[in-house]
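Below is one structure, written out as structure tokens; the observations come after it.
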Amino acid sequence: MRKIIVLSGIFALCFLFTSSAYSVTDRLQILTTTTDLKSIAEAVGGDKVKVDSICKGYQDPHFVEAKPSFMIKARNADLFIRAGLELEIGYEGLILDGSRNPKIRIGQPGHLDASEGVNLMEVPTTAKVDRSMGDVHPMGNPHYWLDPLNARVIASNITRRLRKIRPEDADYFQNNLLEFHRKIDKKMLEWTKKLEPFKREAIAIYHRSWPYFANRFALEVGCELEPKPGIPPSPGHLKEVIDIIKQKNIRVILMEVFYDEKPARFVAGQTGAEVVIVPNSVGGTKEAMDYFSLIDTIIDKLVEALK
């Protein structure tokens, strides 16, 4: 009798572990290029997905090394999600080629450009775009995720693709999407109210990460520390920036966590403006652990400096 009980217990444990292993391996494997895409994919995918990100939130997403470990993750992926607009131009192709995974090739259901349907800003109007213009993206500014309403678009894009890849879970993904949209709409009321007193306030920025954010919350980008996107500030350009900040009475220099602070600190010392260093991606600081806390962190730090 005791042997029967023991054997029954062993079989029960085996079943439990087998079921658990199946539930984990049965989840869709998603690889995103940025942590923001990862956070949104996790929100709509829920416990039906497992998501990894190539870039860390404290890294410049323009410059990422195509490591073999990323190729291995891509090899096992059911869905690869990129920000697009050539943000990942230096490493996406290498990772996709190295993965040898036909499911996630461009044009396949397992490859998603999250920028689909986004109302893009700063699309060059010149016929030719070259390196003399700096890090200009021919299809538009790729930092669109910093507008929370674009996060709704991203979530919808991901949900449609998940429904296509895993139709049996379509209702589950759709319900998660609706909840994500509800939360964005609710938080937008809160975020807009916080920044309302500073409507049309001019701010200085380091890199052109912020036009979508500024446009959504009615802020003005008064000047940039980079003379051209991706080009480090020169002494001559910083002098021009200092003059603009004084003329426009700009009180804040907004910059990302991964750039050199020295130019911004120098300008602040000459003008009295405050340097506000914030993450521009999820995980850029310990406070910004998901998409909503990312926007919370940016707005709270900005409001604190502008008060």
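The values are calculated or read from the model by the stated rules, or taken from the named source; none is laboratory data. All of these numbers come straight from a predicted model, not from anything done at the bench. Ideal geometry is used to build each Cβ from the backbone, glycine not excepted, and the neighbour counts take in all protein chains shown.
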On the basis of being among the small types (Gly, Ala, Ser) and out of contact with any helix residue (DSSP H, G or I) (no Cβ under 9 Å at 6 or more places or on another chain), does residue 107 make the cut? yes
Quick count over segment 195-205, residues being basic (Lys, Arg) and surrounded by 21 or more Cβ atoms within 10 Å (Cβ to Cβ), is 0
Within segment 212-251, how many residues are modelled with pLDDT under 95 and closer than 30 Å to residue 153 by Cα? 3
Among the residues of segment 202-219 satisfying the criterion of being part of a loop (DSSP other than H, G, I, E, B) and touching an Asp or Glu at 6+ places or on another chain (Cβ under 7 Å), which is farthest from residue 146 (Cα to Cα)? 206
Failed item in (1) modelled with pLDDT of 95 or more; (2) surrounded by 18 or more Cβ atoms within 10 Å (Cβ to Cβ); (3) within 23 Å of the chain's Cα centre (by Cα), with residue 208 passing the rest: (1)
Of the conditions (1) surrounded by fewer than 21 Cβ atoms within 10 Å (Cβ to Cβ); (2) in the same structural domain as residue 145 (by TED's automatic domain parsing), residue 162 satisfies every one except a single condition; which number is it? (1)
Just to be sure I understand the filter: pairs with C-beta atoms under 8 Å, separated by 6 or more residues or on different chains, first member in segment 104-122 and assigned by TED's automatic domain parsing to the domain that holds residue 160 and surrounded by fewer than 19 Cβ atoms within 10 Å (Cβ to Cβ), second member in a loop (DSSP other than H, G, I, E, B) and not small (Gly, Ala, Ser). Which pairs pass? 120/85; 120/139; 120/141; 121/141; 122/137; 122/141; 122/208
Among the candidates 143, 137, single out the residue that is at pLDDT below 95 and within 22 Å of residue 208 (Cα to Cα). 137
Residue that is nearest to residue 84 (Cα to Cα) [pool: residues in segment 32-62 that are in a helix (DSSP H, G or I) and either of a type in the set (Asp, Glu) or free of Cβ contacts under 8 Å to residues at least 24 places away in the same chain (or both)]: 36
Is there a residue being of a type outside the set (S, T, N, Q) and part of a loop (DSSP other than H, G, I, E, B) anywhere in segment 181-200? yes
Determine whether residue 155 is under 18 Å from residue 81 (Cα atoms), among the hydrophobic types (A, V, I, L, M, F, W, C), part of a helix (DSSP H, G or I) and outside the structural domain of residue 242 (by TED's automatic domain parsing). yes
Any chance segment 88-108 includes a residue that's β-branched (Val, Ile, Thr) and either within 20 Å of residue 288 (Cα to Cα) or modelled with pLDDT under 95 (or both)? yes
